[in-house]
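In what follows, a single structure is set out as structure tokens and then discussed.
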Amino acid sequence: MKPLATSTPRTIVFVGATSGLGRASALQLAAAGHRLILVGRDARRGASLVQQISSRTPASPATRPPAFLAGDVSTRAGIEAVVSRIRDETDAVDTLVNNAGVMVPRRTLTAEGMELNFAVHHLAPFTMTALLLPLLARGAGRVVNTNSEGHRAPLFGAGDVRLDFDDLQSNRGYSTYLAYSRSKLANLLFTLEFHRRLPAFETVAVHPGMVRTRLVRSMHRPGFWLLSTATRWMLSSPAKGGEPLTELATAPAVRNGEYYNRSRPVAPSPHAHDREAAERLWQATEALRGPFPAKTARPRRDSSPPAGNPLPADNPLPTGPPV
Ligand SMILES: NC(=O)c1ccc[n+]([C@@H]2O[C@H](COP(=O)([O-])OP(=O)(O)OC[C@H]3O[C@@H](n4cnc5c(N)ncnc54)[C@H](OP(=O)(O)O)[C@@H]3O)[C@@H](O)[C@H]2O)c1
């Protein structure tokens, strides 16, 4: 990893910052002097993260303290509430990190009736990006999506992963690892399609490695528990798992529209390059969440001065709803 202190200070919205590799990355980003707007469901863990950052990073006129916004991105209503509070915090965003993640043993529906993996790993990054697009256009305009090598094949499973367009919500049967993998493939299809449609923005997806986190906390099956306990020593620490996110969120340049395995751009599964599937998923997602903004201002790549400062006349924020 490159030294972190060299990048220009950024305003970063970090979704899924209260635990695991997101929390570790948030600490790294704060230590490097970036301004953080942190999002997670658990207010207590959020407050403890802000407290930890504040105790490690003394306040100075040059740095703004981190903000924590408690919110649930599994629903559109939850995302709208979070985005409205982000707009109170800043008028420009340099980097959006979509890192929230779940792994659930049984099919679980959100308050809006969406299957949870699909909602958190695919619909949430899509909607967060759509609603924040005007603010991203006023900043450096980068989106980092935490993906997984699981987009190729399910954990403990054989065979490659494809979307089932007749059953995006796992109505016909639920497998924990397949639902997780398909939702990560959907996120990767979205990442690449977003790049094709709006290439002026920077977007990447990243597999952070296999990391010791709380992701599997609701997996109480004896077989899973035995295997995960036996292999725990092979997993990276959260700090190590957070490094690729920290780097991709702040590096002066990234390989736009690419999938990274930690710090290395690699070819994703061939299904992630399926243009027809990407187009179909985009349409299905818009049918659920409303149209993605097709036209928007170009991001301010030089991003100098840092995002969050007064509006330039040539790139004003739209006044109406963004989607
Ligand atoms: N661990 C691995 O080996 C691994 C490998 C590949 C990819 N990943 C990916 O890495 C990302 C981070 O996972 P992790 O392993 O660090 O797991 P984790 O410790 O469980 O952290 C997950 C984070 O997502 C947040 N989150 C989950 N649902 C949310 C929701 N509905 N609204 C807002 N925030 C929500 C959690 O917030 P609260 O705690 O506040 O609920 C938490 O901050 C996930 O996208 C995961 O798929 C992990």
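Computed values, structure above
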{"item": "Neighbours by Cβ (under 9 Å, 6+ apart or cross-chain): first from region 196-210, touching a residue at least 12 places away in the same chain (Cβ under 8 Å) and farther than 23 Å from R300 by Cβ; second within 9 Å of the ligand (Cβ to nearest atom) and hydrophobic (A, V, I, L, M, F, W, C)", "result": "V206/L245; P208/L21; P208/L245; G209/L21; G209/L235; M210/L235"}
{"item": "Top-ranked residue in region 169-191 [being under 22 Å from P268 (Cα atoms) and surrounded by fewer than 21 Cβ atoms within 10 Å (Cβ to Cβ); ranked as modelled with the lowest pLDDT]", "result": "Y177"}
{"item": "Filter result (within 13 Å of the ligand (Cβ to nearest atom) and free of Cβ contacts under 8 Å to residues at least 24 places away in the same chain) within region 212-253", "result": "R217, S228, T231, R232"}
{"item": "Test result for F165, among the aromatic types (F, W, Y), surrounded by fewer than 22 Cβ atoms within 10 Å (Cβ to Cβ) and within 29 Å of K295 (Cα to Cα)", "result": "yes"}
{"item": "Which numbered condition T285 fails, given (1) out of contact with any Lys or Arg (no Cβ under 9 Å at 6 or more places or on another chain); (2) modelled with pLDDT under 75", "result": "(2)"}
{"item": "So R197, is it surrounded by fewer than 16 Cβ atoms within 10 Å (Cβ to Cβ) and either under 15 Å from the mean Cα position of the chain (by Cα) or within 20 Å of A124 (Cβ to Cβ) (or both)", "result": "yes"}
{"item": "Those residues of region 30-81 which are in contact with an Asp or Glu (Cβ under 9 Å, 6 or more places away or on another chain) and among the β-branched types (V, I, T), in sequence order", "result": "I37, T75, I79"}
{"item": "Matching option when the condition is buried (at least 21 other Cβ atoms within 10 Å of the Cβ) and within 9 Å of the ligand (Cβ to nearest atom), among A119, A70", "result": "A119"}
{"item": "Residue within region 200-211 that is more than 30 Å from A140 (Cα to Cα), within 20 Å of the chain's Cα centre (by Cα) and surrounded by 18 or more Cβ atoms within 10 Å (Cβ to Cβ) present", "result": "no"}
{"item": "Filtered residues of region 23-53 (kept if small (G, A, S) and within 19 Å of G242 (Cα to Cα))", "result": "A24, S25, A26, A30, A31, A32, G33, G40, G46, S48"}
{"item": "Test: residue in region 152-162 that is in contact with a strand residue (DSSP E or B) (Cβ under 6 Å, 6 or more places away or on another chain), more than 15 Å from the ligand (Cβ to nearest atom) and not hydroxyl-bearing (S, T, Y)", "result": "no"}
{"item": "Residue satisfying all of: in region 80-104; of a type outside the set (A, V, I, L, M) and away from the ligand (no atom under 14 Å from the Cβ); surrounded by the fewest Cβ atoms within 10 Å (Cβ to Cβ) among these", "result": "D88"}
{"item": "Scan of region 129-147 for residues that are out of contact with any helix residue (DSSP H, G or I) (no Cβ under 6 Å at 6 or more places or on another chain) and within 11 Å of the ligand (Cβ to nearest atom), ordered by number", "result": "T146"}
{"item": "Pick from region 212-268, criterion part of a strand (DSSP E or B) and hydroxyl-bearing (S, T, Y), ranking: surrounded by the fewest Cβ atoms within 10 Å (Cβ to Cβ)", "result": "S236"}
{"item": "Wholly within region 24-139, helices (runs of 4 or more DSSP H) carrying at least 2 residues that are farther than 28 Å from R262 by Cα", "result": "43-56, 76-89"}
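The values are calculated or read from the model by the stated rules, or taken from the named source; none is laboratory data. A quick note: this is a predicted structure, and the numbers were derived from the prediction, not measured. No Cβ is skipped: glycine too gets one built from the backbone with ideal geometry, and neighbour counts run over all protein chains shown.
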